[in-house]
Amino acid sequence: MGLFSRLRESLAKSRRELGGKITELISRTPKIDDAFFDELEEILIGADVGLEATLAVVGRLREKKLLTQEEVMAALQEELLSLVGREPVDINLGPGPGPGVILVVGVNGSGKTTTIGKLAYRLRQQGKTVMVAAADTFRAAAADQLRIWAERAGAYLVAQEKGTDPAAVAYDAVQAAKARGFDVVIIDTAGRLQTKVNLMEELKKIRRVIGRELEGAPHEVLLVLDATVGQNGLSQARIFQEATGVTGVVLTKLDGTAKGGIVLGINHELSLPVKLVGTGEKLEDLDDFRPQEFIDALLAPA
C-alpha cells in the first residue's frame, strides 16, 4: 500500500470531519458569501485546525473574492498547504563524525515507545546501525517495552536499573555509540505530565550531558504527539518546546481521530514541522510527512 493510500485510510475519520463536510458545504451553497465562510470556519475549527489558523486561512479566502466552487476548493488547498510547508523536512542526524543523536520526548500514552521502535526499524532499513537508550527509568515496564521494540527493529538497547539517573543512561549510550561506531542513538525519556517542573528539568539535564559528550547533540528533538488529543497537543508542544528545544513533531494515532487538522495548528502556531506520521500499528507504519499528500488526503471527499 502506497503512502497516499495509507494516509487516506488513516485519515478516514478526519476526512469525514473536514473533506466530507467541506465538499457537502460547497455542493449545496449557491453563493460564496459571508454565511458560507462562517460555516467553513465552523468546519475547520471542528476538525481541530485551531482558532488562530482557521481565522488566518478563512480571512485570506474572504479577500480573494472567490466566485465558483472550484475556485474555493483550489484556494483552500493552497492556503492549507501554506500552513504546513510545501516540502518534507528530513530528520537531522548531524554532520558527523560520530553518531546522530535523536532525543524523543512526549507525555505517557502518546505512542512514544512504539514510535521509537518504528523509527529504529526505519533507520535499520536504510542500513544504519542504531542504539536505543532507555532513559525513562521511572517506570519499571518502560525498559522492557523498549527492549521488545528494539529487538523487533534490530537495534541495540542500553538500559539500566529502575531509578537510575536518566542523564547517566543517555550519557552511557552516546559514549558507547561513539566507541563502537554506531550511526544513530535514539534516546527515550520519561513522559509524566508535561506540567511537572521536575520532568522538564530532567530533560534539560539530559540535553546538557549529551551535549558535553558529543558536540551538537542532540541533533534532533522529536516530540511525539497523540493526534486524538487535538488542541491539547498544542499546549504540550509549547511546554516541551520551551524546555527541550523541540525540532520536529511525530504525529501518532491519526487513524483513531477526527482531529487530523491539528497538524495545521502545530505548524501555524508553533512553527514546528511535522516530520513523521504514524499510519498504523506495524513496524513499517511510520512515514515522512509529505504536505501535499497529507492535504490531498485530508480534503478528499469522504
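Throughout, read-outs are computed from the coordinates displayed, never taken from laboratory work. Since this is a predicted model, take the numbers as computed values, not measurements. Counting neighbours? That spans all protein chains shown, and the Cβs are built from the backbone with ideal geometry, glycine included.
Key figures for this structure:
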{"read-out": "Residues of type lysines that residue 128 reaches as a straight line, Cα spacing below 27 Å, ignoring anything fewer than 8 places off in the same chain", "value": "112, 118, 178, 253, 275, 282"}
{"read-out": "Most mobile listed residue (63, 151, 215) in the chain, GNM with C-alpha springs under 10 Å", "value": "63"}
{"read-out": "Cut-off under 5 Å, modelled amide H: who pairs with residue 186 long-range", "value": "102, 131, 132, 133"}
{"read-out": "Cα-based helix-to-principal-axis angle, 166-180 vs the chain, degrees rounded to 10", "value": "80"}
{"read-out": "Spin-label pair residue 39/residue 270, simplified geometry with 7 Å Cα→Cβ offset, distance in nm", "value": "3.3"}
{"read-out": "Counted charge near residue 269, where neighbours are those whose Cβ lies closer than 11 Å (Asp, Glu -1; Lys, Arg +1)", "value": "0"}
{"read-out": "Gaussian network model of the chain, Cα within-10 Å springs - most flexible of 288, 38, 136", "value": "38"}
{"read-out": "Kirkwood Rh in Å, taken over all unlike Cα pairs in region 3-84", "value": "13.1"}
{"read-out": "Relative counts (whole %) of C-alpha pair distances in region 1-151, using bins that are 5 Å wide", "value": "1, 7, 13, 15, 13, 11, 10, 10, 8, 6, 4, 2, 0"}
{"read-out": "With Cα atoms, 0 to 90° folded angle of helix 69-84 axis to the chain main axis", "value": "20"}
{"read-out": "Cα-centred dipole magnitude for region 3-84, charges only on beta-carbon of K, R (+1) and D, E (-1), debye, nearest 20", "value": "340"}
{"read-out": "Local electrostatic count, residue 173, Cβ distance below 12 Å [Lys/Arg +1, Asp/Glu -1]", "value": "-1"}
{"read-out": "GNM result for the chain, Cα springs below 10 Å: residue of 253, 112, 31 fluctuating most strongly", "value": "31"}
